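Visitor: Structure below; questions to follow.
Nothing in this text is a laboratory measurement; each read-out follows from the coordinates by a stated rule. Nothing here was measured: the structure is a model prediction, and the numbers come from that model. Note that each Cβ is placed from the backbone with ideal geometry, even for glycine, and that neighbours are counted across all protein chains shown.
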Amino acid sequence: MGSGYVGAVSADLHLPHGGSLKDKRRELRRLKHRLAQRHGCAVSEVDHHDLWQRARVTVAIVGRDAAEVGAQVEAVSRTLHADEAFEVLEESREVRAVEAEPTFLDWGSG
């Protein structure tokens, strides 16, 4: 029995028309909403929080078939590159199988 696949796209974005952090947040909210609605994925800003014209986002996709997840990763990448508010400076993509045997992280007991 398969355990599924996880795909990730991480992109460093430049916002050439960003004039403030407020402008950046508005554009990122719009992008996150668009990606989630169109591709059924989770999106998070993971770096460059204090810069007006830069953002690093990571997008996660989960599915049962590697080819399906890979196709969704490609579609997310195309959406990022097509958005006129952003310029993609750097991007990485990955699709991984989820292990059949669960691995638990020890978060510590405080």
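Visitor: How charged is the neighbourhood of S44? Take every other residue with its Cβ under 13 Å from the Cβ of S44, and add Lys/Arg as +1 and Asp/Glu as -1.
Guide: Residues near S44 contribute +1 overall.
Visitor: So, one more: Taking the 0 to 90 degree range and rounding to the nearest ten, how far is the long axis of helix 21-39 tilted relative to the main principal axis of the chain, both from C-alpha atoms?
Guide: The two axes meet at around 40 degrees.
Visitor: Here's another thing I want to ask about it. For the chain, which span is the longest to avoid every loop-located (per DSSP) member of GluC sites (Glu not before Pro) having at most 11 other Cβ atoms inside 10 Å?
Guide: Counting at most 11 other Cβ atoms within 10 Å as exposed, the longest clean stretch of the chain is 1-83.
Visitor: Please compute the contact order of segment 5-97 in relative form: average sequence separation of alpha-carbon pairs under 8 Å and at least six residues apart, divided by the residue count, as a percent.
Guide: 48 percent
Visitor: Okay, next question. Among (1) 15, 48, 29, 8, 0; (2) 14, 41, 27, 15, 3, 0; (3) 14, 35, 20, 16, 11, 3, 0, only one was calculated for this model; which label is it, if the read-out is P(r) over Cα pairs in 10 Å bins from 0, in percent?
Guide: Step by step, P(r) over Cα pairs in 10 Å bins from 0, in percent for this structure corresponds to label (2).
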